[in-house]
Amino acid sequence: MGYLRSTAAACAVCSAIAASIIGSTAGADVPRAFSQIIVNGNARFSDQDVLATANLRPGEIYYADDLRAAIEALEFTGEFDFIRIRSEGPRLIVTVDETPSYEGLLTFGLGYDSDTGVFGGAVLSLENALGLGADVLGEIIVAQEVQTARLRVFDNDALSETTGVGVRLFYGAYEYDNTLFDYERMSIAPYVQADVGGGQIEARVTFTETEISDVASTASAILQGDTGTQDATEFGLSYRFGATNPNANRLTWGALVSVDYGIAGDAKLVRSEGQVNVFAPLPGGFALRSTLELGHVAGQGSAVTRATDRFVLGGASLRGFERGGVSVRDIDGAVVTDLGGTRFGALRTDVVLPVLADLPGVDVFGFVDVGRVWGLDSPVTPSGTLQNTSDLRTSVGLGASYDFALGRLEGYLASPTSKQTGDQEQAFGLTFRAQF
């Protein structure tokens, strides 16, 4: 029995081995015919595809050079890591090891966002990465005030047809101009997702390390006490169901509920959040779209939250106010320290107007936003007056968006109609994103 391999070591003796398959008489190349040709090891390519590429057919007469040419033809495709041809009596056996197949897309983006300023980014998307069945999504964003990197690896049928396994990695560095501190956060979160009851449930364990640094010397004593590094391990559950459909001629909605419970680390917290999205077409070409968000975070036992654990509103989450411009705060004369709150609620409602409706991708809308942030669990005495009320902030405005082939442009004008001392207003918001 003889064989041919596509490895570099075998190439040096390729001619001799080919002759051993065909057979020789006094050094002559003796042709042979094979009544059956069998293909092994193929998955993505059919037997017929492999044989057609190699130009092999049962019953034909082959010389050693023909078999060498068959191997070279298969190698030339770049689809095989290993190729072997051997004979077993009247049968010819072709064994291949396919190169892992995956599809990938790398895109770059530039843009501007009122919350973070000018930014650039890159997104890498791989399907069936390394031929292992997992999808990979990576994203890097670099802006003046924020730098983030995310990576997600997920195999959607690792455990069953409806149950997948994955892991998320995250790094973020934040240096917002309107805060009195900087912070960095790193996390890794293995998770399992399953389709249940018409929705999707996720169970995860998240390992997080957060460092608060460069706290201004004039900042509140509460924020000063938050300085340093803490790590946390949390077990989380979330359930997502439904989805909005702006093309439907009926009301559509979707919701997400999530709970993360601290099980180890410097500070054991309990965080719960929920979101409901609604879209409803209205008579006369109008449409209603609305998002309700709620959240609560608290320490277990004697544990307390830090500024990076608590909630703030503003920017995209409450138009008419700067990002983080609505918060529990410590007001000490001219120094205002935003601390965040342990509870928040926000309702954003747009009414899409039948204006420029004939232009593809264009929406013109009026909006009303309502939100509040309250609650603080720090044992530290504030440096000045603690502003911790559940009073509502509201704003109204007019906006427009344009979705085009390479990205999205959205802008709005907003006016707060109710606010509190220290709130940071933002009358104009703009988001522009383009990818290529």
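Excluding the site residues themselves, the longest part of the chain lacking any trypsin sites (Lys or Arg not before Pro) in a DSSP loop with at most 11 other Cβ atoms within 10 Å is 45-249. I need the shape label for the chain. Rule: rounded when a/c is under 1.5, else prolate if a/b > b/c, else oblate, with a, b, c from the alpha carbon gyration tensor. Note, shape of the chain comes out prolate.
Taking every DSSP beta bridge that has both ends in the chain, the antiparallel portion is near 95%. If you take all other residues with their beta carbon under 9 Å from the beta carbon of Leu256, and give Lys and Arg +1 and Asp and Glu -1, the sum is 0. Summary value for region 103-435: 12 percent relative contact order, contacts being C-alpha pairs under 8 angstrom separated by 6+ residues. Against the chain, whose longest principal axis is taken from its Cα atoms, helix 64-76 shows a tilt of about 10°. Classify region 204-344 as rounded, prolate or oblate, taking a ≥ b ≥ c as the square roots of the eigenvalues of its Cα gyration tensor: rounded when a/c is under 1.5, otherwise prolate if a/b is larger than b/c and oblate if not. Since a/c reaches 1.5 but b/c is at least a/b, the shape of region 204-344 is classed as oblate.
Amide H contacts of Arg323 (H built 1.01 Å from N, in plane; Pro and chain starts excluded): Gly315 sit under 5 Å, all sequence-distant by 5 or more or on other chains.
Comparing region 123-251 with the 2.2 N^0.38 Å rule of thumb, its C-alpha radius of gyration ratio is 1.37 (two decimals). Tell me the mean residue ellipticity at 222 nm calculated for the chain from its helices only (DSSP H runs of n ≥ 4, each -39500 (n - 2.57), averaged over every residue, nearest 500). Mean residue ellipticity at 222 nm (helix-derived): -2500 deg cm²/dmol. Among residues other than Gly265 with Cβ under 11 Å from its Cβ, the summed charge is -3 (Lys and Arg +1, Asp and Glu -1). Proximity of backbone amide H atoms, modeled 1.01 Å from N, is registered between Asp377 and Thr305 at under 5 Å, excluding neighbours fewer than 5 places apart on the same chain.
Given axes a ≥ b ≥ c from the Cα gyration tensor, I'd like to know whether region 264-316 is rounded (a/c under 1.5), prolate (a/b larger than b/c) or oblate. Judged from the Cα gyration tensor, region 264-316 comes out prolate (a/c at least 1.5, a/b above b/c).
The mean sequence separation of alpha-carbon pairs under 8 Å and at least six residues apart, normalised by the residue count of region 36-162, gives a relative contact order of 17 percent. Only one residue of Pro281, Asn245, Ser317 has its Cα farthest out toward the positive end of the dipole of region 103-435, where Lys and Arg carry +1 and Asp and Glu -1 on Cβ, and that residue is Pro281.
A short reminder: the numbers here are calculations on the coordinates, not readings from a lab. Predicted, not measured: the structure shown is a model, and the values here were computed from it. Backbone-built Cβ (ideal geometry, glycine too); neighbour counts: all protein chains shown.
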